[in-house]
1. Taking a virtual spin label 7 Å from the Cα of residue B:18 along the C-beta vector, which residues in the range A:140-183 bring their backbone nitrogen under 20 Å of it?
2. What is the mean number of Cβ atoms from other protein chains located within 10 Å of the Cβ atom of each residue in peptide B:6-17, rounded to a whole number?
3. Could you bin all the Cα-Cα distances of chain B into 5 Å bins starting at 0 and give me the percent of pairs in each, rounded to whole numbers?
4. Rank-order B:84-93, B:20-29, A:181-190 by packing density, defined as the average count of other C-beta atoms within 10 Å over each peptide's residues, highest first.
5. Given a 1.4 Å probe and no ligands, DNA or RNA in the count, how much accessible surface is buried by B and A, both sides, to the nearest 100 Å²?
6. At 7 Å along Cα-to-Cβ for each site, give me the label-to-label distance between residue A:78 and residue B:31 in nm.
7. For residue A:176 and residue A:133, what is the calculated FRET efficiency with R₀ set at 22 Å and r taken between the beta-carbons, to the nearest 0.05?
8. Pop the C-beta distance of residue B:94 and residue B:50 into the FRET formula with R0 = 51 Å and round what comes out to the nearest 0.05.
Amino acid sequence: MGVMADRLAAGVGTLADTREFGLWMASEQKRIFLLCRRMLDDSEDADSATQDAFLKAWQALKRPEFNDIVDPHKWVTRIAINTCLDRLRSRRWQFWRKRPNPIEETAILQLEPSGAPDASDQLFAKQISVRLDGALKKLSLKQRAAFTLRHYEDRSLAEIAEILGLNVGTVKVHLFRATEKLREELHDLYFREGRK
Amino acid sequence: MNHWTEIDFEHWLYGLKEQDPHLNECPDCRQEMERLVRERQGITAQPQVSHEFLAAQRRAIYRRLEERPHSRVAMRWVLSAAMLLVMLFGFTIQRWRHPGQSISDEQLFSDLAAMDQRAEPAAIQPIHGLFQQ
């Protein structure tokens with residue numbers, strides 16, 4: 001958690017300060033963008049959703065009736081997830097929506113993880129990431145959100161439940177169904193032949 | 001005790017299965033679990049995002065923060081009103097270019113007089129046809 005987030009959590013009341021908000025935003029921005037990118041599978045849409053999420057956070061902080069935030073990290077994650085879910089719901093009607101441009105996507109995002117040790121690992125990670133992104137589309141919105149938070153952000157079931165506003169049992173069901181649907185992709189991910 | 005299956009490991013990775021004592025007792029399963037954890041760290045490591053992109057995104061957010069809160073809503077209303085005006089203008093032009101066919105007063109009076117002189121309305125004629133042999 002960043003300095004700003006700590007101050008926010010402490011309820012210092014400087015949240016409404018643009019500079020403080022900017023520092024906090026910068027500390028969370030990449031994570032939130034990647035979360036949106038994984039949920040929406042489109043960098044342009046994720047960019048717009050990230051902007052919306054921080055704008056909503058700012059507007060919420062400006063409200064006089066706004067209460068102290070217990071965990072700003074989780075709070076902004078919830079805003080981002082809800083923004084993405086709204087977009088995914090409205091996307092169902094947008095049959096004219098253009099497909100993401102792969103050249104633009106590459107310019108924004110280098111899909112290989114920064115810590116990958118060698119080229120074959122990087123290539124594998126890239127391939128699996130593309131396949132997993134495709135497979136995530138087969139999931140329901142809640143399943144996708146639960147799986148993304150678990151798989152990419154390594155959140156506990158309790159945290160996922162809090163972010164999605166569900167109980168732990170329901171999250172477990174969503175995750176169970178998600179892993180059932182993704183079994184083929186996940187099997188490839190972890191249980192490759194001859195790979196140690 | 002049986003070894004963990006791939007599904008057991010998969011469920012454990014996703015928080016759907018509790019860690020049981022077998023993992024502590026069985027070196028093979030423990031080793032597999034450690035391998036899966038390493039594998040997962042490699043796969044889910046955050047990709048790099050270009051700094052220029054993030055900076056541009058921050059600038060866009062700041063721009064939007066400075067906007068009046070309702071200016072976007074107001075803009076939607078302005079656009080809707082403009083659209084309505086364009087449609088109204090188009091409709092008016094259409095009417096002006098293709099006026100409806102009007103009949104002269106003389107023709108109108110003549111038609112009315114003809115109707116008045118008939119014993120029964122013209123619309124009843126088809127009914128007569130039904131009774132004719």
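The values are calculated or read from the model by the stated rules, or taken from the named source; none is laboratory data. Computed from a predicted model, the values in this text were never measured in an experiment. Every residue, glycine as well, gets a Cβ built from its backbone with ideal geometry; the counts of neighbours run over all protein chains shown. We work out accessible area using only protein heavy atoms, side chains counted, and drop any ligands, DNA or RNA first. Shrake-Rupley method; radii C 1.70, N 1.55, O 1.52, S 1.80 Å.
1. The answer is A:156-161, A:167-176, whose backbone nitrogens lie closer than 20 Å to the label point.
2. 5
3. Values per bin, smallest distances first: 2, 6, 7, 6, 5, 4, 4, 5, 6, 6, 5, 5, 4, 4, 4, 4, 5, 5, 5, 4, 3, 1, 0.
4. Numbers: B:84-93: 10.0, B:20-29: 12.5, A:181-190: 17.6.
Ranking, from highest mean packing down: A:181-190, B:20-29, B:84-93.
5. Numbers: alone 12980 and 11470 Å², together 20380 Å².
Between B and A, the summed buried area is about 4100 Å².
6. Placing both labels 7 Å beyond Cα along the Cβ direction yields 4.5 nm.
7. Efficiency, rounded to the nearest 0.05: 0.55.
8. 0.50
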